[in-house]
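Q: Handing you a structure now.
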Amino acid sequence: MPKDKQSLSTRLKSLISEFGEDVFSIDNVVLFCKHCEVKVDPEGRSSITQHIRTEKHRRAIDRQLNQKTQNSQQLLTNLTSKKSTFNMDLCRTLISANIPLNKLQNTEFRKFLQLYT
């Protein structure tokens, strides 16, 4: 008995679930590689696996991973440098105003520091 042919949208959805939503997206009749930003022929599973094995696809994935890592590192660096700058400025201010650091035991002062640092 012959198989009933699946609709294109159903086949595309099954390919998305198989290969991952983070790799491919669909637009009604087009299978699109998010990493390479190219159309991929959805007719055969082999053409999709061939695309995934291409050097271009691998480089695109590596480039995106490196970019995410750099963005995360830059964000962390900015946050820590701003925080440490604030801490150093606060320490200099307390020392120059002759406010001893043992005042950190004061509950209101401690709440202030916890709130803003």
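Q: For the range 42-53, what are the residues that are buried (at least 18 other Cβ atoms within 10 Å of the Cβ) and either outside the structural domain of Gly20 (by the TED database) or part of a loop (DSSP other than H, G, I, E, B) (or both)?
A: Of everything in the range 42-53, just one residue is buried (at least 18 other Cβ atoms within 10 Å of the Cβ) and either outside the structural domain of Gly20 (by the TED database) or part of a loop (DSSP other than H, G, I, E, B) (or both), namely Pro42.
Q: To continue, here is another question. Cβ contacts < 7 Å: first residue under 12 Å from Leu15 (Cβ atoms), restricted to the range 29-52; second residue part of a loop (DSSP other than H, G, I, E, B), any location; separation 6+ or different chain. Result?
A: Qualifying pairs under 7 Å: Leu31/Pro42; Cys33/Val23; Ser47/Asp41.
Q: Here is a follow-up. Out of all the residues in the range 1-21, which are in contact (Cβ under 8 Å) with a residue 12 or more places away in the chain and either surrounded by fewer than 10 Cβ atoms within 10 Å (Cβ to Cβ) or polar (S, T, N, Q) (or both)?
A: Answer for the range 1-21, where residues must be in contact (Cβ under 8 Å) with a residue 12 or more places away in the chain and either surrounded by fewer than 10 Cβ atoms within 10 Å (Cβ to Cβ) or polar (S, T, N, Q) (or both): just Ser9.
Q: Examine the range 26-41 for a residue that is surrounded by 12 or more Cβ atoms within 10 Å (Cβ to Cβ) and assigned to a helix (DSSP H, G or I), and state whether such a residue exists.
A: Among the residues of the range 26-41, not one is surrounded by 12 or more Cβ atoms within 10 Å (Cβ to Cβ) and assigned to a helix (DSSP H, G or I), which makes the answer no.
The values are calculated or read from the model by the stated rules, or taken from the named source; none is laboratory data. Just so you know, these numbers come straight off a predicted model, no measurement behind them. All Cβ positions, glycine included, derive from the backbone under ideal geometry; neighbour counts span all protein chains shown.
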